[in-house]
1. 222 nm [θ] for the chain, helices only, -39500 (n - 2.57) per DSSP H run of 4+, per residue, to 500?
2. Among all the lysines, which ones have a C-alpha under 22 Å from residue 306's C-alpha, if same-chain residues fewer than 8 places away are not counted?
3. For residue 190 and residue 35 in one chain, what is 0.36 nm times their gap in residues minus the Cα-Cα distance, to one decimal in nm?
4. Below 17 Å, Cα to Cα, which lysines can residue 272 reach? Residues fewer than 8 away in the same chain don't count.
5. Expected output is a single nm value to one decimal: the length gained when fully extending between residue 83 and residue 20, i.e. 0.36 nm times separation in residues minus the C-alpha distance. What is it?
6. Counting Lys and Arg as +1 and Asp and Glu as -1, each charge on the Cβ, what is the dipole of the range 137-283 about the Cα centre in debye, to the nearest 20?
7. Please give, to one decimal in nm, the separation of the simple spin-label points placed at residue 63 and residue 10, each 7 Å out from Cα toward the Cβ.
8. Taking the inverse of the average 1/r across all pairs of different Cα atoms in the range 164-309, what Kirkwood radius in Å do you get?
Amino acid sequence: IVVDEMNDYYDVRIKEANLEILRQKAKEMNEKDGAMKRRLEIYIGDINDHDLMKSVFERENPDYVCHLAARAGVRPSIQDPLLYVRANVQGSTNMLNYSRDYNVKNIVVASSSSVYGESGSTFFSEAEDVNEPVSPYAATKRSVELISYTYHHLYNMNITNLRFFTVYGPRGRPDMAPFIFISRVTRGEEIEQYGDGSTSRDYTYIDDIVDGVIRAIDRPYPYQIFNLGKGSGTNLGEFIELIEKHVGKKANIKVMPAQPGDVPFTNADVSKARRLLGYEPHIPMEEGIIKTVAWFKETYGEDGEKMFG
């Protein structure tokens, strides 16, 4: 069961294409089984729309909720913080209310490595104090973690928050650095490097993240927070070099000042997820870039000529 408001944060045609992939996959599964099972339902609407969500929960009666809906992005949240509060804090609180009212067995909520702010730790641990967020986006994600605990405490709900570390891969968001850099290097366009290239991110390939999400859904805990990352960082300079290598073109780099709200590095301690979820990231950075470049060229052409205008 999918609920998506299909907002225009990025090109809606990309989102529509992703939904079409789901529809085709459901159709293929039915054809393979020789049955017409009701495998997929897609509802277009806002999770803050109480009438819509009430009808969805009453019709579908889900046992499990995987709450990924949110406004993403550090820099846009600085420009319009109230939009992020409505989408992330109000939206998540509503999802917890619906889940309570309809007796959902386990709720998994997407959080973010952004909650760690300017942590000086070599590896970011769930045990750290994370009450000094440096962007409205990070503050909304930390707020949802706290509200989740409140709902667990008051209503004995099973709720797990997953702190995602810079997710990338095929069909990734087009506003994130992996997509932007692969796209622009492929097309011979200028890329903007913020800072001196020393900033580092724990880039985590989508397959590893999906594995962690499924494990969290299948393993209810009364209340938990887990990091989902690769467990090692890649600095921006090395990241660009990998893209140049596998795109097969040199990047045209414009060095820009560091951006407000950005943190110098992220690096996940995944030992807790390994211990309690059996989570184990398998895709190293270079392999992930190879896979992502291959998908981009297959989707948008060898020179990116099929990109949306």
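1. Numbers: 11 runs with 132 residues, N = 309.
Computed ellipticity for the chain at 222 nm equals -13500 deg cm²/dmol.
2. Correct list for residue 306: 15, 245, 249, 250, 291, 297.
3. On the way: separation 155, 0.36 × 155 = 55.80 nm, distance 5.04 nm.
Contour length minus the Cα-Cα distance gives 50.8 nm.
4. 230
5. Values: separation 63, 0.36 × 63 = 22.68 nm, distance 2.79 nm.
So the extension gain works out to 19.9 nm.
6. Working: 18 positive and 17 negative charges, 50 e Å.
Here the range 137-283 has a charge dipole of around 240 debye.
7. Placing both labels 7 Å along Cα→Cβ, they lie 3.4 nm apart.
8. Every distinct Cα pair counted, the radius reaches 16.2 Å.
The values are calculated or read from the model by the stated rules, or taken from the named source; none is laboratory data. All of these numbers come straight from a predicted model, not from anything done at the bench. When we count neighbours, we look across all protein chains shown, and the Cβ atoms used for this are built from the backbone with ideal geometry, even at glycine. When the accessible area is computed, the model is the full protein with side chains, heavy atoms only, and any ligands, DNA or RNA have been set aside. Shrake-Rupley method; radii C 1.70, N 1.55, O 1.52, S 1.80 Å.
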